[in-house]
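Quick notes on the structure that follows.
The values are calculated or read from the model by the stated rules, or taken from the named source; none is laboratory data. Keep in mind that this is a model prediction, so the values were computed, not measured. Ideal geometry is used to build each Cβ from the backbone, glycine not excepted, and the neighbour counts take in all protein chains shown.
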Amino acid sequence: MNQGKLYIISAPSGAGKTSLIKQLLTEMQDLKVSISHTTRIKRSEEKEGKDYFFVSLEQFEVMHSQQAFLESAKVFDYYYGTSKQSVLENLAQGTDVILEIDWQGAQQIRKMLPDCQSIFILPPSIEVLKTRLESRGQDSDVIIQRRMADAVIEINHYHEFDYLMVNNIFEDAVFELKSIILSQRLQQSHQQTNLQWLLATLV
C-alpha cells in the first residue's frame, strides 16, 4: 500500500478555497480534509466534527503542551491546530489528506513533513476578493477591512508554495486542483505499487 500524500491548500479569506475543497471531495476518492481544532465560536451553520472541533482556550493549550498538533497558529484572535494523530493515521492508510491552513501553518508543516505538496489559491483581483467577503454577510465592515489587510500579507507568501492557481471560474479551478492531485497519483513510484499485478505480466 502506498503512503497517502499530504496537500496544503492556502488562500486569503474570501478566495473560495473551502468551496473548492468541498467540491473536490465529491469528485475524488481516497481524499480527506483534516478537521482542525479551533477556539473560535461555532457559527450557526457549522457542525462539530465536520467543520471544526470547537474547544476552549484551556483545552487547546493542554493539547498544544502535549504536542498533539502538527501545526498551530493564531488567526483573527483565535487559535487553530491540526491533529497530528489523525493526519498521520490517514496517510498511513493510503488516504490523501488536505490541510486547509494559512501560510504560518504551511511553514510549520513543510519543516515536519517536507514531502507534502502545497497549493496557493489567488483571487482574480483584490476587488473581487472584497466583493466575495461582503457577499457572505458574515462580517462587519471593520472585520472585512481587517481581512483585506491580512489578505495582502497572506498573498505575499505565494512564492513559498509548489503550485499557484487562480479561482476565477469555479469549475476551472476545481479541474486544476484535481489535476494537481492526479499528477501526483500517476507518478511512477506511486503507480509501481498500484500496478504491480499488471507490471508482473508485462515485464
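In region 46-72, of all residues being assigned to a loop (DSSP other than H, G, I, E, B) and of a type outside the set (D, E, K, R), the one that is farthest from residue 7 (Cα to Cα) corresponds to 56. Here's a check for you: in region 49-83, which residue that is surrounded by fewer than 19 Cβ atoms within 10 Å (Cβ to Cβ), of a type in the set (Ser, Thr, Tyr) and farther than 18 Å from residue 8 by Cβ is modelled with the lowest pLDDT? Only one residue tops the list, namely 78.
Is at least one residue of region 138-145 part of a helix (DSSP H, G or I), of a type in the set (S, T, N, Q) and modelled with pLDDT of 95 or more?
First, the residues of region 138-145 that are part of a helix (DSSP H, G or I): 141-145.
Going one step further and asking which of them are of a type in the set (S, T, N, Q), we end up with 145.
Then keep just the ones that are modelled with pLDDT of 95 or more; that gives none.
Within region 138-145 (the criterion being part of a helix (DSSP H, G or I), of a type in the set (S, T, N, Q) and modelled with pLDDT of 95 or more), the answer is no, since none of the residues qualifies.
Taking the stated definitions as given, is residue 105 in a helix (DSSP H, G or I) and surrounded by 20 or more Cβ atoms within 10 Å (Cβ to Cβ)?
Working: in a helix (DSSP H, G or I): yes; surrounded by 20 or more Cβ atoms within 10 Å (Cβ to Cβ): yes.
So residue 105 fits the description; yes.
For residue 40, the conditions (1) surrounded by 15 or more Cβ atoms within 10 Å (Cβ to Cβ); (2) basic (Lys, Arg); (3) in a strand (DSSP E or B); (4) free of Cβ contacts under 8 Å to residues at least 60 places away in the same chain are fulfilled apart from (3).
Among the residues of region 20-27, is there at least one that is surrounded by 11 or more Cβ atoms within 10 Å (Cβ to Cβ), free of Cβ contacts under 8 Å to residues at least 24 places away in the same chain and over 30 Å from residue 196 (Cβ atoms)? Give the derivation first.
Kept after step one, since they are surrounded by 11 or more Cβ atoms within 10 Å (Cβ to Cβ), are these residues of region 20-27: 20-25, 27.
Keeping just the survivors that are free of Cβ contacts under 8 Å to residues at least 24 places away in the same chain gives 22, 25.
Remaining after also requiring over 30 Å from residue 196 (Cβ atoms): 22.
So far as region 20-27 goes, yes, one or more of its residues are surrounded by 11 or more Cβ atoms within 10 Å (Cβ to Cβ), free of Cβ contacts under 8 Å to residues at least 24 places away in the same chain and over 30 Å from residue 196 (Cβ atoms).
The residues on offer are 174, 142, 203, and the sole one that is in contact (Cβ under 8 Å) with a residue 12 or more places away in the chain and of a type in the set (Val, Ile, Thr) is 174.
Listed conditions (1) more than 19 Å from the chain's Cα centre (by Cα); (2) surrounded by fewer than 15 Cβ atoms within 10 Å (Cβ to Cβ) are all met by residue 160, apart from (1).
One residue alone among 146, 136, 132 is out of contact with any Leu (no Cβ under 6 Å at 6 or more places or on another chain), loosely packed, with under 12 Cβ neighbours inside 10 Å and charged (D, E, K, R), and that residue is 136.
Anything in region 124-138 that is within 22 Å of the chain's Cα centre (by Cα) and more than 16 Å from residue 166 (Cα to Cα)? List them, or say none.
Restricting attention to region 124-138, the residues satisfying the condition of being within 22 Å of the chain's Cα centre (by Cα) are 124-126, 128-130, 132-133, 136, 138.
133, 136, 138, listed by residue number.
Here residue 38 passes the criteria (1) of a type in the set (Val, Ile, Thr); (2) under 22 Å from residue 178 (Cβ atoms); (3) in contact with a Phe, Trp or Tyr (Cβ under 6 Å, 6 or more places away or on another chain) except the one numbered (2).
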